[in-house]
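To keep things clear, I will list the structure first and then write my remarks on it.
The values are calculated or read from the model by the stated rules, or taken from the named source; none is laboratory data. Fair warning: this is a prediction, and the values are worked out from it, not measured in the lab. Note: ideal-geometry Cβ built from the backbone for every residue, glycine included; neighbour counts use all protein chains shown.
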């Protein structure tokens, strides 16, 4: 357990803030073995997906169910699952008036890979139509990679696919931009005039439908590249000839300025790049000790109202245990994170805050992350927040990494609490406990929690086999 002096603990808790949460009624879902995940909202209705099916001795994701929640009450639950081919699911999200379920399927006759969309009725939660959004040629044993990205206001959707011909080793990255009714706006292929091996580091799409691609090209030198892709045009810039970024995230500040954060070998680097001037205007760095047994990666970049940017770097990874006689098991670790705040207009770090916790999530399914261990991050005004599960006896703000895991979900333990961390614009951390498992028999789940608007959060939690939702309005 992480222990510090009593006086330090008192100082850290001084000024802790209380939050009022209005909880709805508990709901006992029929499917109690699935992972539930928030997929989006339409007007005042919030939607969640779930659904796993066991075939033989291997669990294969080939059916999807949906749940609708309004005012923290479950108002509709799937009566019949929507069937899709095995291992085909790409993404599930809400459009302006429907739920969209994207999956891919090989058309063997035409030798093409088809990206299909099932539209799900927002009221009945049943399939209403299906269409092919994209189709592209493939050869035998090709393995196309398909990804979906959303603009911040959810008005634009980009579906990208990267396919490498296993015979020629030639590949291409195609972008297909849709509006929020899934009508196609334009397509273009990413290309580069530079020679060398290309690695795509990050992709972002703006509310206006402009796609930004951050990449690096290795030849005699390693070049960091930034490309703006629109219909019929690609503008490519060399950001640097000597930055070998590996774990990088891109944040578009405006049409002419981006912020690039990288985490490589225990060092955080942040650069502000002016596209019009073609120059790096500011650079910051922060070195931390990458202890043996830790695996750090950038989670995301969050923008505060004052323009400062908070990069979250998590000590998080998945351990896969293979077996020839039983299904593989997946253990998701999420133990520590740094919140690093940067003023992109100034070459300095505003603050860096370490939060230590020791959680892991065990499951038979391969999913994006554990249902209980991943924090929910958000901002309000100039403050940064995180909601997460931890041991009530730990001091998460002690300033030390905690590698040994003392909580395993979903079993958890009576000592589990759900905490809220606030970091104000000066970098002062405040922490409070929202609820504890011992008193409520409930554990917070980031999978089913989301931000409605600035300062208003819908919290999802599990109480044994029941699901429970509550609204938290941040105190002024």
So for the range 132-142 (the condition being in a loop (DSSP other than H, G, I, E, B) and under 19 Å from residue 178 (Cβ atoms)), does at least one residue qualify?
no
Out of all the residues in the range 344-366, which are crowded, with 18+ Cβ neighbours inside 10 Å and either without any contact (Cβ under 8 Å) to a residue 40 or more places away in the chain or not in a strand (DSSP E or B) (or both)?
344
Is there any pair with a first residue in the range 194-221 that is on the phi > 0 side of the Ramachandran plot and a second that is surrounded by fewer than 20 Cβ atoms within 10 Å (Cβ to Cβ) and part of a strand (DSSP E or B) whose Cβ atoms are under 6 Å apart and which are 6 or more apart or on different chains, and what are they?
196/217; 196/218
Among the residues of the range 442-458 satisfying the criterion of being loosely packed, with under 14 Cβ neighbours inside 10 Å and more than 27 Å from residue 349 (Cβ to Cβ), which is modelled with the highest pLDDT?
456
Mind listing just one residue for me: the one in the range 305-332 that is crowded, with 19+ Cβ neighbours inside 10 Å and closer than 17 Å to residue 270 by Cβ and, of those, farthest from the chain's Cα centre (by Cα)?
308
Would you mention how many residues in the range 413-424 are at pLDDT below 95 and surrounded by fewer than 18 Cβ atoms within 10 Å (Cβ to Cβ)?
3
Answer yes or no as to whether residue 255 is within 16 Å of residue 204 (Cβ to Cβ) and either exposed (fewer than 13 other Cβ atoms within 10 Å of the Cβ) or without any contact (Cβ under 8 Å) to a residue 12 or more places away in the chain (or both).
yes
Which pairs turn up if I take residues in the range 20-49 that are under 14 Å from residue 64 (Cβ atoms) and look for partners that are assigned to a loop (DSSP other than H, G, I, E, B) with beta carbon separation below 6 Å, at least 6 apart in sequence or on another chain?
34/51; 34/52; 35/367; 35/371; 48/36
Per the list (1) surrounded by fewer than 22 Cβ atoms within 10 Å (Cβ to Cβ); (2) in contact (Cβ under 8 Å) with a residue 12 or more places away in the chain; (3) on the phi < 0 side of the Ramachandran plot, residue check on residue 370 breaks on (1)
Counted residues in the range 175-204 being in a strand (DSSP E or B) and closer than 16 Å to residue 134 by Cβ come to 12
Could you name every one of the strands (runs of 3 or more DSSP E) located completely within the range 1-78 that has at least 3 residues being modelled with pLDDT of 95 or more and at negative phi?
37-42, 45-50, 63-70, 73-77
Note: among 124, 133, just one is under 27 Å from residue 211 (Cβ atoms) and either surrounded by 14 or more Cβ atoms within 10 Å (Cβ to Cβ) or in contact (Cβ under 8 Å) with a residue 24 or more places away in the chain (or both), namely 133
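Residue-wise test of (1) out of contact with any strand residue (DSSP E or B) (no Cβ under 9 Å at 6 or more places or on another chain); (2) at pLDDT 95 or above; (3) within 19 Å of residue 294 (Cα to Cα).
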site: 232; (1), (2), (3): no, no, no
site: 238; (1), (2), (3): no, yes, no
site: 243; (1), (2), (3): no, no, no
site: 246; (1), (2), (3): no, no, yes
site: 249; (1), (2), (3): no, yes, no
site: 261; (1), (2), (3): no, yes, no
site: 264; (1), (2), (3): no, no, yes
site: 271; (1), (2), (3): no, yes, no
Counting only residues that are within 23 Å of residue 65 (Cα to Cα) and either crowded, with 17+ Cβ neighbours inside 10 Å or at pLDDT below 95 (or both), the range 107-121 contains a total of 7
